[in-house]
Structures are given as C-alpha cells and as structure tokens.
Amino acid sequence: MFTLEWSQVLDFLSTPTAQSILLVAVLLVMMASSFYALRRLRDQINEAPSAASERLTNYREMHQRGDISDSEYRTIKSLLAEELQEELSNAGGADSDEEA
C-alpha cells in the first residue's frame, strides 16, 4: 500500500510545478470571488431607484414615528414635491405618446 509522509508532501510542494499549480488555483478562486462580488454590486447599482412617492411615504412614516423633526420633514417634502411633479409630467407625456 502507498503511504505518504509529510516530508514527501513538503518535497512535492517545493517543486516549481506544484507551486505553479497552487498559484493558478488561488488566482482562479480569487477571480471567481471578484466576479461574484462585482456582479452583486452591479445588480445593486442597476436596481431602479424608488419613486419619489414611495420615498415620501417612507419619510412620512419616519416623521410619524418621531425619527425626523417637523422641519426636516417639510424640507424633504418640498424637495420631493419637485420630483413628484417631474414624475407626473413624464408619466403624462409617456401616456399621451402611447395613445398617439
């Protein structure tokens, strides 16, 4: 029966061929994990931003819970009002284009 001793394993791992194979294996694992991380990051970036109405609802709930002050809520509400107007005008323009 063939038995390996640690000295034989260490001798094999000290050869250039074994070191090259280990290096390539480590590089492949690193590349695969990098591709996975980049893919997840890209998917998160490409997600559609939430509509202003959804964000306004979230801020309204935060205001009701007391997480944000009245002045903060008014400021946010005025900023999001502009975005809501844009969304409504863009949605209205898209609907009229589809009907034509």
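Structure notes:
- Cα-projected label distance for residue 51 with residue 4, points at 7 Å along beta-carbon direction, nm: 6.1 nm
- A crude spin-label estimate for the pair residue 27 and residue 58, with each label 7 Å from Cα along the Cβ direction, gives 4.2 nm.
- Charge context of residue 33, other residues only, Cβ under 14 angstrom, K/R +1, D/E -1: +2
Read-outs: derived from the displayed coordinates by stated rules, not from any lab. Keep in mind that what you see is a predicted model, and the values were worked out from it rather than measured. Please note: Cβ atoms are built from the backbone with ideal geometry, for glycine as well, and neighbour counts cover all protein chains shown.
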